[in-house]
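Below you'll find the structure, written out as structure tokens, and then a few comments.
Values in this text are rule-based calculations from the coordinates and carry no lab data. Quick caveat: nothing in here was measured; it's all calculated off a predicted structure. Counting neighbours? That spans all protein chains shown, and the Cβs are built from the backbone with ideal geometry, glycine included.
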Amino acid sequence: MLIKGILILLFIFSHEAQALCGSLNITNSPNSVSLNANINPKIQFNIYRTWSNGNCNYRVGVDRGSSSSYDRKLSNGAYVLDIDFSKNSSMNTILKDPANANNSNEYIDGRMSNRDTVNQHDFYTELTLDPNAPSGIYTDTFLIKAYLDFGIFLILSDTRNIQFTYQIPDQVSLSLVNTNAPFNPNDTTQDINFGSLYGGATRKMDVVVQSNSGYKIDITSTNNGKIKHIGHPSTIDYVFKANGQIKDLSASSSSPVTIATGTGNHPNDGFRVPLEFVIQSTVNKVSGEYKDYLTITVTSHL
């Protein structure tokens with residue numbers, strides 16, 4: 001029994017000799033990183049030890065942040081973007097808290113020889129963008145964690161916060177298309193041609209909006225809801241409907257009329273607003289060509 005006890009003491013002493021670090025300090029790490037300029041930045045930091053005698057072994061990694069697993073996220077309310085960390089630029093392994101790591105690929109393995117006091121390290125970041133994600137600031141704060149490595153166990157020595165952010169700006173675009181036609185970013189004008197005018201003549205079209213932050217659609221009529229003879233004061237009324245609801249354009253040349261609003265995210269084919277124009281009575285009207293000019297404006301509307 002005495003011999004066994006001596007062997008155990010020698011074994012423990014051997015591992016203590018490998019971790020003569022004093023304490024470790026994480027230095028020169030950024031407090032915050034914006035990913036808007038680069039979604040794959042390399043993060044650099046230093047490990048400093050308070051003792052310089054003997055060899056020093058340690059491990060460094062990054063925790064889960066606010067995520068419940070190492071499927072890490074940056075959050076904007078209920079919306080998220082995936083973010084990963086790795087010790088290599090190929091991003092083929094996940095960098096973890098060394099206390100949770102399964103193998104040496106999942107943490108940074110550090111060593112200082114006798115008299116060395118500082119090592120520089122880095123890790124890599126990868127943000128996965130989602131074209132359907134709504135606008136806003138996506139963020140989370142993670143801990144860089146440094147452990148003294150005694151071989152058979154680890155002791156946490158220092159941590160540093162690092163906040164990652166990515167901002168998706170408000171984006172909105174408008175398309176004026178034929179009824180049920182898909183969104184086309186290059187189609188922003190429509191010519192509503194009635195041909196020979198008569199009371200009850202009807203034409204239709206759609207407004208399609210893509211937005212990542214909600215929207216508001218306004219319309220103005222140059223002639224305030226009338227088509228006007230191009231060479232005579234004569235006018236003909238028309239009824240204007242948006243989403244099946246009559247909209248009064250009688251003062252719209254100076255005060256735009258809101259025809260639709262929406263919140264949230266409307267990607268891909270977007271949000272569709274059907275428009276309808278119905279010509280009123282043409283009795284006793286001067287013959288000739290009549291016109292009106294409508295301007296449809298869309299703005300982001302949170």
Contact order normalised by residue count of the chain, Cα under 8 Å, 6+ apart, percent
17
FRET efficiency, 1/(1 + (r/R0)^6) with R0 25 Å, evaluated for residue 27 and residue 68 via beta carbons:
0.25
Between residue 165 and residue 52, how high is the FRET efficiency from 1/(1 + (r/R0)^6) when r is the Cβ-Cβ distance and R₀ = 51 Å? Nearest 0.05.
0.85
Using Cα positions and a limit of under 14 Å, work out the aspartates and glutamates in reach of residue 228, with same-chain residues fewer than 8 apart set aside.
237, 289, 292
Expressed as cubic angstrom per residue, what is the convex hull volume of the alpha carbon set of the chain?
161
Taking the beta-carbon count within 10 Å as an exposure proxy, list 112, 205 from fewest neighbours to most.
205, 112
Please report, in whole Å, how far the alpha carbons of region 179-261 spread along each principal axis, starting with the longest.
45, 27, 23
Residues of type aspartates and glutamates that residue 96 reaches as a straight line, Cα spacing below 20 Å, ignoring anything fewer than 8 places off in the same chain
63, 71, 82, 84, 106, 109, 122, 126, 140, 149, 158
Can you check how the C-alpha radius of gyration of region 32-128 compares to 2.2 N^0.38 Å, as a plain ratio?
1.22
Full extension between residue 178 and residue 268 adds, at 0.36 nm per residue less the Cα distance, a length in nm of 30.7 nm
Too long for a 20 Å Cα-Cα cut-off, among 241/291; 241/285; 216/241; 73/216, are 241/285; 73/216
At a Förster distance of 41 Å, what's the computed FRET efficiency of residue 109 paired with residue 186, Cβ-Cβ distance as r, to 0.05?
0.15
How many angstrom separate the Cα center of region 74-144 from the Cα center of region 214-230?
53
